[in-house]
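S.K.: Provided herewith is a single structure, encoded as structure tokens, for subsequent inquiry.
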Amino acid sequence: MPSADAAPAPARASRRAGGRRPRASARSGTVGGSRRADTLAGYAFLAPSLVGVGGFLLLPVGIVAGISLFRWDLVSPARWTGPSNYQSILTDPAFGRSLAVTAFFVLLVIPLQTALGLAAALLLDQRLPGSTWFRAILVLPWISAPLALGVVWRWLFDPSDGAINQLLGHRVEWLTSPTLALPSVAAVTVWTNVGYVALFFLAGLAGIPPQYAEAARIDGAGPWQRLRRITLPLLRPTTFFVLATGVISSFQVFDTVYAMTRGGPAGRTEVVAYAIYREAFVDFRMGRAAAMSVVLFLLLITVTIAQQSWFRRRTTYEMG
Amino acid sequence: MRRLFLILAALLLAAGCSIAGGDAKGRTTVTFRLWDEQVAKAYQQSFAAFEKAHPDIGVQVQVVPWADYWTKLPADVAAGTAADIFWTNTSNFGLYADNGQLLPVEFTGDWTTSVVDLYTRNGKLWGVPQLWDSIALYYNKDLVPDPPTLTWDPAAPDDALRATLRKLTVDSAGRHPGQSGFDPQKTRVYGFNAAFDLQAILWDFVGSNGGTWQSGDTFDFADRPKTVQAVQYVVDLINAEHVAPPAADTNTNGDKALQLFTQGRMALFQSGPYHLKSIQEAAGFQWGVAPLPNGPAGRVGVVHGVAAVASAKTRHRDATVEVLKWIGSADGQRPIAEGGYAFPGVTTAQPVFVDYWKKQGVDLQPFLDSAGGTTFPAPLGPRVGAGQTAYTPILQQVFLGRLGVAEGLRKAQDAGNEAMKG
């Protein structure tokens with residue numbers, strides 16, 4: 001029986017494999033054939049998003065890396081310069097300053113928006129009357145166009161006729177003072193993001209089984225202890241997500257700065273993304289702009305990996 | 001970055017829509033780009049007449065606002081999606097001419113000589129003169145009944161200009177600068193639009209004081225005593241005399257002074273004919289045009305011209321040259337003059353423009369005098385645009401009073417010349 005069974009299979013397989021070298025290779029031909037078909041089918045299913053990722057993500061990244069080795073102003077012919085753009089930006093104090101401005105911006109925005117978002121989520125989670133409305137209102141700035149928000153805030157901050165100074169009854173040069181400009185832009189960013197952060201924390205809170213808090217209450221834990229020892233540790237996956245995406249998007253902030261200050265006064269709000277824009281589309285030095293983008297890209301990868309490894313040691317995803 | 005990329009993609013797409021060469025009627029479409037939506041109305045009329053005479057050519061007018069114009073143009077030129085014909089100014093055309101991106105103009109017309117000179121480079125004319133600007137002084141007749149003829153002298157402890165501007169500037173309590181209790185934070189009416197505005201303010205004061213700005217293609221304004229003195233004078237009008245709005249208001253909002261003037265909150269507004277239409281539409285009071293303040297070196301104003309250039313990459317060269325010839329002719333420019341939009345580049349169309357404003361009760365003679373007298377050269381050179389971009393933030397700090405004038409001009413000159421090296 002077994003020999004009778006075994007016989008036709010290689011025969012079929014060998015036909016498929018083209019008749020050469022019957023036995024062993026024929027067998028692997030059978031397996032390999034279906035694997036190849038599976039692989040093909042897999043790629044076919046992936047094709048739509050592969051085209052998207054390849055054409056709109058990987059290809060542009062490659063082009064940017066390529067442009068960073070040239071000197072090009074869009075109008076004159078591009079000239080090969082090798083790595084000199086990298087040398088020039090890494091020794092340029094303006095690029096160092098824009099990295100420092102960005103770091104300061106991230107330090108202002110991230111703790112504030114995370115703390116305020118968490119506080120808002122904890123309050124909304126109390127299910128007080130009207131909290132659905134508040135939740136919607138809180139997210140409104142996030143779903144609005146950042147450029148439009150920036151323009152409106154610039155009017156509000158206008159030193160002579162702006163609503164804020166009218167309310168204060170006192171002239172404060174919010175966006176042109178070297179000390180106030182960056183905090184003002186950061187405040188608008190925090191205001192924009194709080195609702196979005198709160199939404200994620202709300203979802204995280206909904207995922208925590210109520211038994212834990214209940215058990216703790218029975219054991220005599222107060223509200224503060226329950227928050228510190230139960231809620232916050234169990235929110236770590238959410239916190240990681242919110243921090244990781246928040247840090248990346250703060251490093252890349254552009255529209256708010258573009259609309260409110262255009263990097264001024266004297267570069268005090270010139271974050272890296274704006275510096276890249278200025279380099280490319282104001283000064284028309286595409287090579288240097290591309291090199292700065294590559295540096296920012298490497299920097300963000302490093303920051304994200306660091307964040308991930310820090311959280312990996314401290315995060316529980318199981319709540320069962 | 002993601003959003004930046006999306007903006008770019010959208011720009012390229014929008015530009016891509018304009019490359020299709022024909023329209024539904026089977027005509028060749030020539031695209032024409034400019035930054036002034038007021039003058040665009042005149043061009044629409046002009047091209048309607050052109051299309052009647054040339055049934056096989058259609059002209060599509062695209063308005064790209066000034067704020068984005070010089071950002072979008074190089075991107076479109078690189079992508080091959082620039083308009084067939086586009087407006088340019090003197091600061092920016094040299095780069096395109098030197099890189100073979102423009103068709104040289106191989107026909108002649110009855111054009112204003114000064115504008116032809118501005119666009120002649122390496123022995124060839126690269127643009128067809130469209131309009132020109134000179135600088136004069138708009139005044140609000142409710143606040144200043146008679147046309148002011150003012151003099152200024154930075155070496156004198158006080159002069160007619162400063163004394164007049166102090167009288168015209170009023171705070172909410174009715175006090176003037178120099179009187180005790182005057183509160184510059186509550187200024188109701190400003191005397192003047194001293195601000196970081198190179199064409200309308202700074203270069204004119206520098207010129208009227210006998211100063212320089214460029215030597216050849218290089219910036220040469222720092223350590224020039226007459227230039228430093230004139231810039232100091234303008235900055236003092238803002239920060240010491242308080243007769244002009246704070247630079248914090250005008251640095252980032254280029255239209256602030258225009259708005260204050262049309263709201264009746266500014267008495268004197270030094271500017272060019274490019275604001276005639278906006279003032280006519282927005283001002284709720286009688287106004288007029290007076291000569292520039294007379295400085296130690298006389299009245300010296302900037303004369304600048306706008307030209308239309310043809311892209312060397314156009315796909316229908318013959319039709320493009322036809323359109324270019326039309327907008328270089330008196331018939332083609334008549335709507336610009338008749339509608340009162342701008343001083344036309346064709347000299348025979350000029351009286352029509354002056355007549356339009358005479359009928360409106362505005363005498364344009366000060367602009368003509370300013371253009372006919374001693375003039376200050378408009379910025380020139382293939383990379384002067386890049387230089388100006390580099391020194392702008394530094395000069396803005398000078399106007400805010402955060403950087404001394406002499407030190408600021410030195411830093412600005414270094415940054416500008418460095419950027420022009422490319």
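The values are calculated or read from the model by the stated rules, or taken from the named source; none is laboratory data. Model, not experiment: these values are computed from the prediction. Quick reminder, even Gly has a Cβ in these numbers, built from the backbone with ideal geometry, and neighbours come from all protein chains shown. Side chains are part of the model used for accessible areas, which takes the heavy atoms of the whole protein and leaves out ligands, DNA and RNA. Shrake-Rupley method; radii C 1.70, N 1.55, O 1.52, S 1.80 Å.
S.K.: Please check: in the Gaussian network model of chain A (C-alpha springs, under 10 Å), which one of A:Val53, A:Val242, A:Val139 has the largest mean-square fluctuation.
M.R.: Ranking A:Val53, A:Val242, A:Val139 by mean-square fluctuation puts A:Val53 first.
S.K.: Whole-Hz ³J(HN,Hα) for each residue in the stretch A:54-67, computed from phi via Karplus 6.51 cos²θ - 1.76 cosθ + 1.60 with θ = phi - 60°, x for glycine and proline: what do you get?
M.R.: Per-residue couplings from phi come out as x, x, 10, 10, 5, 4, x, 4, x, 5, 4, 4, x, 4 Hz.
S.K.: Could you work out the local net charge near A:Arg154, counting Lys and Arg as +1, Asp and Glu as -1, over the other residues with Cβ closer than 15 Å to its Cβ? Each step should come with its number before you reach the end.
M.R.: Working: positive: A:Arg262, B:Lys256; negative: A:Asp158, A:Asp161, A:Glu173, A:Asp255, B:Asp249, B:Asp255.
Cβ neighbours under 15 Å give a net charge of -4.
S.K.: Compute the long axis of helix A:181-206 from its Cα atoms, compare it with the longest principal axis of the Cα atoms of chain A, and write down the angle in degrees, 0 to 90, nearest 10.
M.R.: Value to nearest ten degrees: 50.
S.K.: Wrap a convex hull around the Cα atoms of the stretch B:194-234, take a quarter of its surface area, and give that in square nanometres. Walk me through the numbers before you get to the answer.
M.R.: On the way: hull surface 10.9 nm².
Dividing the Cα hull surface by four gives the mean projection, 2.7 nm².
S.K.: Okay, next question. Could you name the lysines in cross-link range of B:Lys256, using Cα to Cα under 25 Å and dropping any fewer than eight places away on the same chain?
M.R.: Here the lysines satisfying the reach criterion relative to B:Lys256 are B:Lys41, B:Lys72, B:Lys141, B:Lys167, B:Lys186, B:Lys277.
S.K.: What is the Cα centroid distance between the stretch B:206-228 and the stretch B:53-108, reported in whole angstrom?
M.R.: 31
S.K.: Between 0 and 90 degrees, rounded to the nearest ten: what's the tilt of helix A:146-157 against the longest Cα principal axis of chain A?
M.R.: It is inclined by approximately 10 degrees.
S.K.: Please list the non-local residues whose amide H lies under 5 Å from the amide H of B:Gln62, H modeled 1.01 Å from N, same-chain partners needing a gap of 5 or more.
M.R.: Distant-sequence amide H within range of B:Gln62: B:Phe32, B:Arg33, B:Leu34.
S.K.: At a probe radius of 1.4 Å, what is the per-residue accessible area of A:Trp153, in Å² to the nearest 10?
M.R.: Spelled out: A:Trp153, probe radius 1.4 Å, area about 50 Å².
S.K.: Here is a follow-up. So, how do all the Cα-to-Cα distances of chain B break down into 10 Å bins, in percent, from 0 on up?
M.R.: Reading upward from the zero bin: 4, 21, 30, 26, 14, 4, 1, 0.
S.K.: Please report the carbon-and-sulfur percent of the accessible area for the protein assembly as shown; probe 1.4 Å, protein heavy atoms only, DNA, RNA and ligands left out.
M.R.: Values: 20920 of 34880 Å².
On the protein assembly as shown, the fraction of accessible area on carbon and sulfur atoms equals 60 percent.
S.K.: Ok, one more. In degrees, nearest 10, range 0 to 90: what is the angle between the Cα axis of helix A:23-53 and the longest Cα principal axis of chain A?
M.R.: Computed tilt is about 20 degrees.
S.K.: Quick one: Karplus J couplings for the stretch B:307-313, per residue in order, coefficients 6.51, -1.76, 1.60, θ = phi - 60°, nearest Hz, x for Gly and Pro?
M.R.: Whole-Hz 3J(HN,Hα) from phi for the stretch B:307-313: 10, 9, 10, 9, 6, 5, 8.
S.K.: Next question, about the same structure. Can you give the accessible area buried between chains B and A, summed over both chains, with a 1.4 Å probe, in Å² to the nearest 100?
M.R.: Working: alone 18070 and 19550 Å², together 34880 Å².
Buried area (both sides, nearest 100 Å²): 2700 Å².
S.K.: How much area per residue is accessible in the stretch A:84-312 when the probe is 1.4 Å and only protein heavy atoms are counted (Å²)? Mind showing how you got there, number by number?
M.R.: Values: 11110 Å² over 229 residues.
Here the per-residue accessible area is 49 Å².
S.K.: Which FRET efficiency value, to the nearest 0.05, do you get for B:Ser215 and A:Ile301 by plugging their Cβ-Cβ distance into 1/(1 + (r/R0)^6) with R0 = 56 Å?
M.R.: Numbers: r = 48 Å, r/R0 = 0.86.
The value I calculate is 0.70.
S.K.: Take chain B, connect every pair of alpha-carbon atoms lying under 10 Å apart with a spring to form a Gaussian network, then pick out the residue of B:Ala78, B:Ala330, B:Ala386 with the largest mean-square fluctuation.
M.R.: Maximum among the listed residues: B:Ala78.
S.K.: Let me ask another. Just to confirm a number: summing +1 for Lys and Arg and -1 for Asp and Glu over residues other than A:Thr81 whose beta-carbon lies under 14 angstrom from that of A:Thr81, what do you get? Mind dumping the intermediate values first?
M.R.: Working: positive: A:Arg71, A:Arg79, A:Arg285, A:Arg288; negative: A:Asp73.
With Lys, Arg at +1 and Asp, Glu at -1, the net is +3.
S.K.: Counting alpha carbon pairs within less than 8 Å and at least 6 residues apart, what relative contact order, in whole percent, applies to the stretch A:41-158?
M.R.: Numbers: 28 pairs, mean separation 10.9, N = 118.
The value is 9 percent.
S.K.: Between B:Asp68 and A:Asp161, take the C-beta separation as r, use R0 = 25 Å, and let me know the FRET efficiency to the nearest 0.05. Can you show the working numbers first?
M.R.: Working: r = 25 Å, r/R0 = 1.00.
It comes out at approximately 0.50.
S.K.: When chain A is modelled as a GNM with alpha-carbon springs shorter than 10 Å, which of A:Ala290, A:Ala273, A:Ala244 fluctuates the most?
M.R.: A:Ala244
S.K.: While we're on this one: Taking 20 Å² as the minimum loss, tell me which residues in the stretch B:236-259 lose that much accessible area going from the chain by itself to the full protein complex (1.4 Å probe).
M.R.: B:Pro246, B:Ala248, B:Asp249, B:Thr252, B:Lys256
S.K.: Check each residue of the stretch B:375-396 and keep those whose accessible area, probe 1.4 Å, is at least 10 Å² smaller with all protein chains in place than in the chain alone; give them in order of residue number.
M.R.: Going by heavy-atom accessible area, the residues of the stretch B:375-396 that drop by at least 10 Å² are B:Arg383, B:Ala386, B:Thr389, B:Pro393.
S.K.: Using only the Cα atoms of the protein assembly as shown, what are the Rg and Dmax in Å?
M.R.: 32.3, 120
S.K.: Does any residue of the stretch B:185-220 lose at least 40 Å² of accessible area with all protein chains in place compared with its chain alone, and if so which ones (probe 1.4 Å)?
M.R.: For the stretch B:185-220, once contacts with the other chains are taken into account, B:Gln185 lose 40 Å² or more.
S.K.: Counting only C-alpha contacts under 8 Å and six or more residues apart, can you give the relative contact order of chain B as a whole percent? Write down the numbers at each step before the final one.
M.R.: Numbers: 804 pairs, mean separation 101.0, N = 422.
Averaging sequence separation for qualifying contacts and normalising by length gives 24 percent for chain B.
S.K.: For chain B, which DSSP H helices look membrane-span-like by this rule: Cα extent along the axis of 27 Å or more and mean Kyte-Doolittle of at least 1.0?
M.R.: Values: long enough: none.
Correct list, ordered by number: empty.
S.K.: Where the eigenvalues come from the Cα gyration tensor of chain A, what are the semi-axes √(5λ) of the equivalent ellipsoid, largest first, in whole Å? Walk me through the intermediate numbers first.
M.R.: Working: eigenvalues 476, 261, 57 Å².
Semi-axes, largest first: 49, 36, 17 Å.
S.K.: Could you work out Rg/(2.2 N^0.38 Å) for the stretch A:219-320, with Rg from alpha carbons only?
M.R.: Numbers: Rg = 19.6 Å, N = 102, 2.2 N^0.38 = 12.8 Å.
Relative to the rule-of-thumb radius for its length, the stretch A:219-320 sits at 1.54.
S.K.: Add -39500 (n - 2.57) for each DSSP H run of 4 or more in the protein assembly as shown, then divide by its residues: what number comes out at 222 nm, to the nearest 500 deg cm²/dmol? Could the numbers behind the result be given before it?
M.R.: Numbers: 33 runs with 402 residues, N = 742.
Mean residue ellipticity, 222 nm, calculated: -17000 deg cm²/dmol.
S.K.: Something else now. Counting only residues 5 or more places away or on other chains, whose amide H sits under 5 Å from the amide H of B:Thr212 once H atoms are built in the peptide plane?
M.R.: When sequence neighbours closer than 5 places are left aside, the close amide H contacts are B:Thr227.
S.K.: Give the share of C-alpha pairs in each 5 angstrom bin for the stretch A:82-235, from 0 to the last occupied bin, in whole percents, shortest bins first.
M.R.: Spelled out per bin, shortest first, that is 2, 8, 12, 14, 14, 13, 11, 9, 7, 5, 3, 1, 0, 0.
S.K.: Place a +1 charge on the Cβ of each Lys and Arg in the protein assembly as shown and a -1 charge on the Cβ of each Asp and Glu, then give the dipole magnitude about the Cα centre in debye, rounded to the nearest 20. Walk me through the numbers before you get to the answer.
M.R.: Details: 64 positive and 55 negative charges, 823 e Å.
That gives a dipole near 3960 debye.
S.K.: Name the long-range amide H neighbours of B:Leu131: under 5 Å, sequence gap of 5 or more, or other chain; modelled H, no Pro or chain starts.
M.R.: B:Val306, B:Gly345
S.K.: Per residue, what accessible area does chain B have, given a 1.4 Å probe and all protein chains present, in Å²? Walk me through the intermediate numbers first.
M.R.: Values: 16670 Å² over 422 residues.
Accessible area per residue: 40 Å².
S.K.: In addition: I need the chymotrypsin sites (Phe, Trp or Tyr not before Pro) found in the stretch A:230-320, filtered to DSSP loop residues with at most 12 other beta carbons within 10 Å of theirs. Walk me through the intermediate numbers first.
M.R.: Details: sites: A:Phe240, A:Phe241, A:Phe251, A:Phe254, A:Tyr258, A:Tyr274, A:Tyr277, A:Phe281, A:Phe284, A:Phe297, A:Trp310, A:Phe311, A:Tyr317; in loops: A:Phe254, A:Phe284, A:Tyr317.
Filter output for the stretch A:230-320: A:Tyr317.
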